[in-house]
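Here the structure comes first, spelled out in structure tokens, and everything after it is commentary.
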Amino acid sequence: MEGYIWLNDSLIEAEKGRISPFDRGFLYGDGLFETLRVEGGQPMLLERHLRRLYDSAKIIGLERVPEQSWWRRAIAEVIGANEWVNSRVRITLSRGLGSGDEPTRMIHGRPLLQSEYLPEPIDVVVSSFLRERSPFSLRLKTLNYLAEILAFERAQTAGASEALFLTEDGYVAEGSVSNIFCVHSGRLWTPPVSLGILPGIFRQLILEICSEESIPIIEDRFPLQTLKEASEVFATNSVRQIIPIKSIGGDAIQGEVPGKWTRELRELLQNYVVEEER
């Protein structure tokens, strides 16, 4: 890894970064992370990401988390030192050594890939892994990401760009790194967080946009067949934003890709993000 990272209280060269072999994030996945997009040198929707980080830290009893101003300064230092204009930045927060010690705090990233600016339509395969309900009140973005990593890698081996998780009873849940939306019977659908899915930052933003723009949207469970019959399907995440989907498990989406609603939401999304960052 090249460039600069922020580790605990210092900006350092990435290759010099070291953590304790007894860090609980390394040993047990005892920690949290957030990944966000940077445009024009500015982290997008940072307040929302930090709010989710703080809420999750409270749920797992992770204490002594730095305030927003600390994160903003550290992220700005990393962006500036690396001379990034458009990039993706990850915040990693682990419990450290535990026993009341300071948590381990790291910020790193890389420039945005060309494919991440305005993603082309992708193919999705159905993962053999199932999405189980979270042991918490909602699913947290923890360092325990093995199932998602393996599902994503297997999808790429199969020639796809994303893996779709179903619930134990066969309902559509989410992607390995994304939330899922579809247009069926003239309405927009997305699975509810009660299925154990991650409450994505951009998923919530889409819900808010639909509410303000009077776009009919339903948060409810639906089977895989509904997704395959949909006229439009897209995924969302914080870096690639809205990602059109052109096939599910080898079955092509029947409508235009990207579809009318996907294009409209992409346009609306940019305006909402700009307004929120002002």
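Quick note: the coordinates plus some simple rules give every number you see, no bench work behind them. Keep in mind it's a predicted model, so treat the numbers as computed, not measured. Heads up, the Cβs are rebuilt from the backbone with ideal geometry, glycines too, and the neighbour counts pull from every protein chain shown.
Before moving on, here are some points about what is shown:
- Helix-only arithmetic for the chain: the sum of -39500 (n - 2.57) across DSSP H runs with n ≥ 4, divided by the residue total, places the mean residue ellipticity at 222 nm at -9500 deg cm²/dmol.
- Rg over Rh, two decimals, region 126-234 (C-alpha only, Kirkwood Rh): 0.96
- The base-10 log of I(q)/I(0) for the chain, evaluated at q = 0.07, 0.14 Å⁻¹, reads -0.26, -1.06 [Debye formula, identical scatterers on Cα atoms, solvent excluded].
- By the beta-carbon count within 10 Å of each Cβ, the least crowded to most crowded order of E120, E232, fewest first, is E120, E232.
- Per-pair calculated FRET efficiency, R0 = 30 Å: W70 and E267 via Cβ, rounded to 0.05: 0.30
- Residues in region 196-212 carry Karplus couplings, in order, of x, 8, 6, x, x, 4, 6, 4, 5, 5, 4, 4, 5, 4, 4, 5, 6 Hz; the curve used is 6.51 cos²θ - 1.76 cosθ + 1.60 with θ = phi - 60°, and Gly or Pro positions show x.
- The gain in end-to-end length when the I215 to E13 segment is fully stretched comes to 68.0 nm, 0.36 nm per residue minus the alpha carbon separation.
- Our coupling estimate for region 171-178, obtained by passing each phi through the Karplus curve with A = 6.51, B = -1.76, C = 1.60 and θ = phi - 60°, is 8, 5, 10, 6, x, 5, 9, 7 Hz, Gly and Pro reported as x.
- A straight chain from E276 to S194 at 0.36 nm per residue would run longer than the Cα-Cα distance by 26.8 nm.
- Sequence of H108, H49 once ranked by neighbouring C-beta atoms within 10 Å, starting from the fewest: H108, H49
- Cα shape, region 4-112, gyration tensor, a/c 1.5 rule: oblate
- Local electrostatic count at G109 - Lys and Arg +1, Asp and Glu -1, tallied over other residues with Cβ under 11 Å: +4
- 3J(HN,Hα) along region 143-160: 6, 7, 10, 5, 4, 5, 4, 5, 5, 5, 5, 5, 5, 5, 4, 7, x, 9 Hz, from the Karplus curve 6.51 cos²θ - 1.76 cosθ + 1.60 with θ = phi - 60°, whole Hz, x for Gly and Pro.
- Shown for T35, T104, T236: other C-beta atoms within 10 Å of each C-beta, ranked fewest to most, produce the order T35, T104, T236.
- Between region 121-181 and region 12-71, the Cα center-to-center distance that results, in Å: 22
- Looking at the chain alone, DSSP beta bridges between its own residues are antiparallel in about 80 percent of cases.
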